[in-house]
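Just below is one structure, and these are the notes that go with it.
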Amino acid sequence: MAAPFSLKPYRMADTLQRFLAAPDGAEKVMAHAQLLLRLGEIYRNVAPSHLAQASSVANFKSGMLVIHAQSGAVAAKLRQLAPTLAGELTHRGIDCRGLQIRVHAVQPPAPARNPQREPLTAGSRERLAALRESLPASPLREAVEHLLARSANGHDCRDTPDDESHDRFPHPRPFSRAREKGDS
């Protein structure tokens, strides 16, 4: 009885090449990807440059070219130009019956990994030192010590009057309602 599969080791390139060439493999996918690349190039040449930069070819199915626009305004303008663009694509040898425009907003860039840090004032350092002395040995005390050590090395400190550090929060405890009501 023959084994259902061969145990002969294959190089990755060999198996990938066989998969891409197999009729039930990725041959159709590769052909479609190449078609989309060709359509993208034609689309960039046919569409107005400012609209082509703000949109891209997403798919081509049953004669319909699917375009992703970066905003609603770009999509609206492309919908107005759809018959003209479809005619241009047909003129260039693509059997295009129409365009389907979808808004596909671009993700905003990720925030910076190292945000700017506000330096500690001398008054803030003094209050943190007093807090450190009042805390028992704990992870919080270690964190406060680390912050003070960084500010002592000049990483996060500035020498300004204490009043300037409270410009953003005029109340001693800006998020506490107990002091406002007099409950504490």
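Each value in this text was obtained by applying a stated rule to the coordinates, not by laboratory testing. These numbers were taken from a predicted model, which means no experiment stands behind them.
Tell me which residues come under 5 Å, amide H to amide H, from residue 54 once H is placed; ignore anything under 5 positions away on its chain.
When sequence neighbours closer than 5 places are left aside, there are no close amide H contacts.
Return the sequence-ordered ³J(HN,Hα) values of the range 78-88 in whole Hz as given by the Karplus equation 6.51 cos²θ - 1.76 cosθ + 1.60 applied to θ = phi - 60°, using x for Gly and Pro.
Those phi angles translate into 5, 5, 5, 8, 3, x, 5, 5, 4, x, 5 Hz.
Under the Karplus relation 6.51 cos²θ - 1.76 cosθ + 1.60, θ = phi - 60°, what is the ordered set of whole-Hz ³J(HN,Hα) values for the range 30-40, x standing for Gly and Pro?
Karplus-based 3J(HN,Hα) across the range 30-40 equals 5, 5, 5, 4, 5, 4, 5, 5, 5, 5, x Hz.
Can you say what percent of the DSSP beta bridges in the range 34-118, counting only those with both residues inside, are antiparallel? Round to 5. Mind showing how you got there, number by number?
Numbers: 6 of 12 bridges.
In the range 34-118, approximately 50 percent of DSSP beta bridges are antiparallel ones.
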